[in-house]
Amino acid sequence: MLKETVTVGNQTGIHARPAGVLAKAVGNFQSRIELVYNGKTIKAKSIMGILGAGIKGRTQVEIICEGQDEECAMRELKQLFARGFGFD
């Protein structure tokens, strides 16, 4: 199991488009991937779960990856967060 804390790289937070990008990226991996934001654990494959968390821009989120491709998943997710999911 891997855990890393990242900062949401875009100012507007994770709204509909970034949530879609995130859920799609997570869907490419077999590992169980969760986000922890404000003490709430969110299944990262669920767009509705991500949106419901109300993740604000420039805040911290913990990524938890567990499974056979956890290292690749963590690397890709850290890059997505750092790039602001391609949105600002």
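The values are calculated or read from the model by the stated rules, or taken from the named source; none is laboratory data. Computed from a predicted structure; not experimentally measured. Methodologically, a virtual Cβ is constructed for each residue, glycine included, from the backbone with ideal geometry; neighbour enumeration extends over all protein chains shown. Areas reflect the complete protein model, heavy atoms only, side chains present, ligands, DNA and RNA absent. Shrake-Rupley method; radii C 1.70, N 1.55, O 1.52, S 1.80 Å.
Of the candidates Leu22, Leu35, the single residue that is touching a residue at least 12 places away in the same chain (Cβ under 8 Å), closer than 17 Å to Gly67 by Cα, open to solvent by less than 20 Å² (accessible area, probe 1.4 Å) and among the hydrophobic types (A, V, I, L, M, F, W, C) is Leu35.
Picking from residues in region 42-88 that are charged (D, E, K, R), without any contact (Cβ under 8 Å) to a residue 60 or more places away in the chain and in a helix (DSSP H, G or I), the one that is surrounded by the most Cβ atoms within 10 Å (Cβ to Cβ) is Glu76.
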